[in-house]
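Right, one structure below, let's go through it.
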Amino acid sequence: MGNSALKAHLETAQKTGVFQLTGKGLTEFPEDLQKLASNLRTIDLSNNKIELLPPLIGKFSFLKSLVLNNNKLTALPEELCKLKKLETLHLNGNHLRQLPAAFGQLSALRTLSLSGNQLRTVPTQLCGLRHLDVVDLSKNQIQNVPDTVGELQAIELNLNQNQISQISVQISHCPRLKVLRLEENCLELSMLPQSILSDSQISLLAVEGNLFEIKKLRELEGYDKYMERFTATKKKFA
């Protein structure tokens, strides 16, 4: 892509606060963007070949939405964690194995999508995020869900298509968790904490495609309590 095309995009972005440049084969984050660091509210560089997010990302202090789906990122810089206004972060289809240590400082974050990466566990940094609504960790390599998950503030947690065989009973203590997706994992029925059914806020539990038949779930103690929450929620949205 030529400089003139980039320039045109920059001029548009200056007016709109939105910089969108997708599917252009970019191999790096456009450095010229930093001229608009105080203007931009949204950056979308999906479907490119970006391998590295430079430290200058920390300068975009008004950024609300950062979308970098389907790139080649293997790590994220600590500077990303300075984005105190960031509400939406989409990083699906990259090669991320972990999140920066300071990730919990993204205090405004509401939506986090990390589907199709190489995470092996639910990042503990997520537990510090008080406004998190939706976390998508589907299609990773997560094998277990640790005790720290009990502090997660999310309303929806998507763990579909991982390799989960163990879940901490603490997940039933999540204060706001309503939707838990665990489809296509490696769960035995005995490894599913019954407190999810009997003693949690969860009103939608999706567990198809594991190592047990769904009808066996209905025989578990607490299933009737879960169904009460499920039905009440359905009525609310009907």
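The values are calculated or read from the model by the stated rules, or taken from the named source; none is laboratory data. All values derive from a computational prediction rather than experimental measurement. In this analysis, Cβ positions are derived from the backbone assuming ideal geometry, glycine residues included, and neighbour counts consider all displayed protein chains. These area figures cover heavy atoms from the full protein model, side chains too; ligands, DNA and RNA do not enter into them. Shrake-Rupley method; radii C 1.70, N 1.55, O 1.52, S 1.80 Å.
Structure data summary
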read-out	value
Helix-only CD estimate at 222 nm, as mean residue ellipticity for the chain, using -39500 (n - 2.57) per DSSP H run (n ≥ 4)	-4500 deg cm²/dmol
Loop trypsin sites (Lys or Arg not before Pro), region 42-86, which have at most 14 other Cβ atoms in a 10 Å radius of their Cβ (DSSP)	K49, K72, K84
Low-density loop positions, GluC sites (Glu not before Pro), region 50-94 - DSSP coil, at most 16 other Cβ in 10 Å	E51
Charge dipole magnitude, Cβ of K and R +1, D and E -1 - region 1-99, Cα centre, debye nearest 20	200
Computed E for E151/E213 - FRET, C-beta separation, R0 35 angstrom, nearest 0.05	0.60
Virtual spin-label span in nm between D224 and K49, 7 Å along Cα→Cβ	6.1
Of K82/K139; K35/K72; K35/K59, pairs whose Cα-Cα distance is over 20 Å	K82/K139; K35/K72
Mean separation of Cα contacts under 8 Å (6+ apart) over length of region 119-237, as relative contact order %	19
Qualifying GluC sites (Glu not before Pro) in region 159-238, DSSP loop, other Cβ atoms within 10 Å at most 16	E183, E188, E208, E213, E219, E221
For the chain, accessible area per residue (1.4 Å probe, heavy atoms of protein chains only), Å²	49
Within the chain: Cβ-based charge dipole about Cα centre, in debye rounded to nearest 20 (Lys, Arg +1; Asp, Glu -1)	740
Accessible-area composition of the chain, carbon plus sulfur, in percent [1.4 Å probe]	48
Environment charge at N69 (Cβ cut-off 12 Å; Lys +1, Arg +1, Asp -1, Glu -1)	-1
Global geometry of the chain, whether rounded, prolate or oblate, following the gyration tensor of its Cα atoms and the 1.5 cut on a/c	prolate
Prolate/oblate/rounded label for region 1-99 (Cα gyration tensor, a/c 1.5)	oblate
Cα gyration tensor, region 119-237 - rounded (a/c under 1.5), prolate or oblate	oblate
The chain: angle of helix 223-237 to the longest principal axis, Cα-based, in degrees nearest 10	50
Cα→Cβ-extended label distance, 7 Å offset, between H131 and T16, nm	2.4
Crossing angle, helix 3-16 versus the chain [Cα axis fit, 0-90 degrees, rounded to tens]	60
Distance (nanometres) between label positions extended 7 Å along Cα→Cβ at K59 and S107	2.5
Largest to smallest accessible area among R130, R41 [probe 1.4 Å]	R130, R41
